[in-house]
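Shown next, in structure tokens, is the structure this report addresses.
The values are calculated or read from the model by the stated rules, or taken from the named source; none is laboratory data. These numbers come from a predicted model, not from an experiment. Using ideal geometry, Cβ is built from the backbone for each residue, glycine included, and neighbour counts are taken over all protein chains shown. Please note that ligands, DNA and RNA were not included when accessible areas were found on the heavy atoms of the full protein model with its side chains. Shrake-Rupley method; radii C 1.70, N 1.55, O 1.52, S 1.80 Å.
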Amino acid sequence: MFHRVFKAFHYRDFRLMWMGACMSAIGTWMQLLAQGWMIWQLSHSARLLALDPILQAIPIFLFSLLGGVLADRFERRHMLIFSQCVQMSCALVLTVLVGLHVVKVWHFLSASFIAGFGQAFGGPAYSALIPTLVPKEDMPNAIALNSIQFNAAVMVGPALGGLALAKLGNTGCFALNTLSFVFPIVALLMLTTRFQPEKTTETILDSMKQGIRFIRSQGAMQGLIVLGFCMTGLAVPMRTFLPVFADKVFHQGVGTNATLLSMSGMGSVVGALAVAALGHVRNKGRVALAMFSVLGATIAGFALSKSLVLSCVMLFLSGAAMMAAFAMVISLVQLIVTNEMRGRVISVYNFAFRGGMPMGNLFAGWLVPIFTAPIVIAVNGVLLVALSLYFLLAQRRVAEL
């Protein structure tokens, strides 16, 4: 069982990338815990709390298609190193500002926007590079393990962030995040896998159009992209507004916020482990849609819960369902696409997947002050259930994969 779950670890380059990304993700979530709490404490504004991830996602939304074209034209390692350096610079600036006690909300918002610019070019390169590090038959396992490192960071990062806040203060969280970017940069420099793109005379615009044509020729791919957009647009606001639930619903502080975030991350790790253990399963489309239904139901359950224990259970289950759905959907995308088109197609999927975050947070941030966070998040859960039923019963291209 253990061997089957961690099968992709047999490949050195994948192992290096996984470990580097894990350290970086832990540092990022440590900072996000402190950053979200500081924005809330400085402003007590749900709209500003939602604006932070929106500003980070806007450049990803605007430039990820360009990033996908470049990922098919240049050495993907170099693009990733550039991305890590941009994000490390933002973390370093915030460390200095927080340490000098001169930080303002707009500093956080500006840094999030610049970091998002780096991610717009690093994201497609990273997603396109991972499948080249393992054989095709082990790709679902590698994708699930890659999801584990991110969600392990969601679980461990806030816990370590809470400890760092208690022992080192806010400055410590930002400083540790700055140092965490050293690990993926070193890992990228140690990779032996090289991507040698074919020379082309196509313009960037023509390359983008070619990627769009490929997606339109694959009927189910359009449904997968819609699902990716709706998954983040309707599910991510729950995590964004956890500080509001901790403060307004449970009347607790940053410790409860960290607990809620960690429970969601713990569930995501369990969901990713389950997918990794299953490996290549049949009927991935139907499994993904079933997980969408569970995700929507547990999000609604969390939103309506008045018990901290029940809320933690709902967060755990929603995290597991979201990761299982995500892993199944991205596995289907990776298996359908060819390697020479991988950067462009993945960038379109990331465009939708990451674009759902600012759109969902924008609408939720606008609606929460009017209808309260529990009502808005509960409605999001119901919409996810309705979406999964539509793809299961009416538009069946995804269900038949």
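Rolling a 1.4 Å probe over the protein heavy atoms gives the range 263-401 an accessible area of 39 Å² per residue. Normalised by the number of residues in the chain, the mean separation of alpha-carbon contacts (under 8 Å, six or more apart) gives a relative contact order of 28 percent.
For LEU191, nonlocal amide neighbours, meaning residues 5 or more places apart or on other chains whose placed amide H falls under 5 Å from its own, do not occur. Probing with 1.4 Å while keeping every protein chain in the model, the per residue accessible area of the range 158-259 equals 49 Å². The calculated pair-distance distribution of the chain uses every alpha carbon pair, bins of 20 angstrom beginning at 0, and gives 28, 62, 10, 0 percent.
Would you mind estimating how fast the range 1-77 diffuses translationally, via Stokes-Einstein at 10 °C and 1.306 mPa s with the Kirkwood radius over Cα pairs, in µm²/s?
100
Accessible surface for LYS136 stands near 130 Å², nearest 10, in the context of the full protein assembly shown (1.4 Å probe).
Around PRO197, under 14 Å between beta carbons, what's the net of Lys plus Arg minus Asp minus Glu among the other residues? Charge balance in the 14 Å sphere: +2. Ranked by the mean number of other Cβ atoms within 10 Å of their residues, highest first, the peptides 343-356, 92-105 come out as 343-356, 92-105. Carbon-plus-sulfur accessible fraction, the chain (probe radius 1.4 Å, protein heavy atoms only): 70%. Among the listed pairs LYS284/LYS306; LYS136/LYS209; LYS7/LYS284; LYS248/LYS306, those whose Cα-Cα separation exceeds 23 Å are LYS284/LYS306; LYS136/LYS209.
May I ask you to list, by number, the DSSP H helices of the chain whose Cα span along the axis is at least 27 Å and whose average Kyte-Doolittle hydropathy reaches -0.5 or more? Passing helices, by number: 12-43, 46-71, 76-99, 105-129, 139-167, 219-240, 254-278, 284-304, 308-336, 342-371, 373-393. Packing, taken as the mean count of other beta carbons within 10 Å per residue, orders the peptides 27-33, 360-366 from highest to lowest as 27-33, 360-366.
Separation of the range 246-316 and the range 349-374, taken as the distance between their Cα centroids, equals 18 angstrom. What's the local net charge at LEU362, with K and R +1, D and E -1, over the other residues with C-beta under 13 Å away? Around LEU362, the surrounding residues sum to 0.
With a cut-off of 15 Å between beta carbons, the residues surrounding PHE113 carry a summed charge of +1, where Lys and Arg count +1 and Asp and Glu -1.
At q = 0.24 Å⁻¹, work out log10 I(q)/I(0) for the range 112-224 with the Debye formula, treating every Cα as an identical point scatterer and leaving solvent out; two decimals please. Rounded to two decimals, the profile gives -1.49. Largest first, the residues GLU400, GLU198 sort by 1.4 Å accessible area into GLU198, GLU400.
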